[in-house]
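So the structure is just underneath, and the comments pick up after that.
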Amino acid sequence: MLPNRMNLSKTTEDQLKLLKQRTGISPNVSSRIAFFRSIESNFRFTTDMAKKLDGSLVLDKVTWLGETQLITELVLKQTYPNLDDKEVMAAWAAHVEDGIASLRNHKNIASFTNAL
């Protein structure tokens, strides 16, 4: 389903790096939280919203998803049954981007770090 090597848009990557500076939480961990926050908020990806995944932080799927790999892929498959593998990666990236927006402001960052 998801490829073994994955990356995000440069904008999303920059936001994850900024969040790491503020909280000390690595981009792969915060991207997992952002993904599920986005799913929970009922954001839905469409292929016309796909962005260029031009970030330089290219990690393997296991590093990006960790222990959430199976559930992440199952949620994507259930939510987007008709997308091909490349489109599923774009959907994952769009969900991370959408979810990171809710973590950006200072109040949410404080509660985010306290929850961990």
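Name the residues in the range 1-49 that are in a helix (DSSP H, G or I) and among the charged types (D, E, K, R), would you? 10, 13, 14, 17, 20, 22, 32, 37, 40, 48 - these are the residues of the range 1-49 that are in a helix (DSSP H, G or I) and among the charged types (D, E, K, R). Go through (1) at positive phi; (2) in contact (Cβ under 8 Å) with a residue 12 or more places away in the chain and name the single condition residue 99 misses. Only one criterion is unmet by residue 99, namely (1).
Of 83, 65, all but one fail to be within 15 Å of residue 3 (Cβ to Cβ), in a loop (DSSP other than H, G, I, E, B) and at pLDDT 95 or above; the exception is 83.
Among the candidates 46, 12, 72, the residue that is without any contact (Cβ under 8 Å) to a residue 40 or more places away in the chain, closer than 14 Å to residue 92 by Cα and out of contact with any strand residue (DSSP E or B) (no Cβ under 9 Å at 6 or more places or on another chain) is uniquely 46. When the residues of the range 4-51 are filtered to those that are of a type in the set (S, T, N, Q) and closer than 16 Å to residue 79 by Cβ, the one that is most open to solvent (accessible area, probe 1.4 Å) is 42.
The values are calculated or read from the model by the stated rules, or taken from the named source; none is laboratory data. Everything numeric here is computed off the predicted structure, so don't read it as measured data. Glycine gets a Cβ as well: all are built from the backbone with ideal geometry, and neighbour counts include every protein chain shown. Protein only, heavy atoms only, side chains kept; ligands, DNA and RNA dropped before computing areas. Shrake-Rupley method; radii C 1.70, N 1.55, O 1.52, S 1.80 Å.
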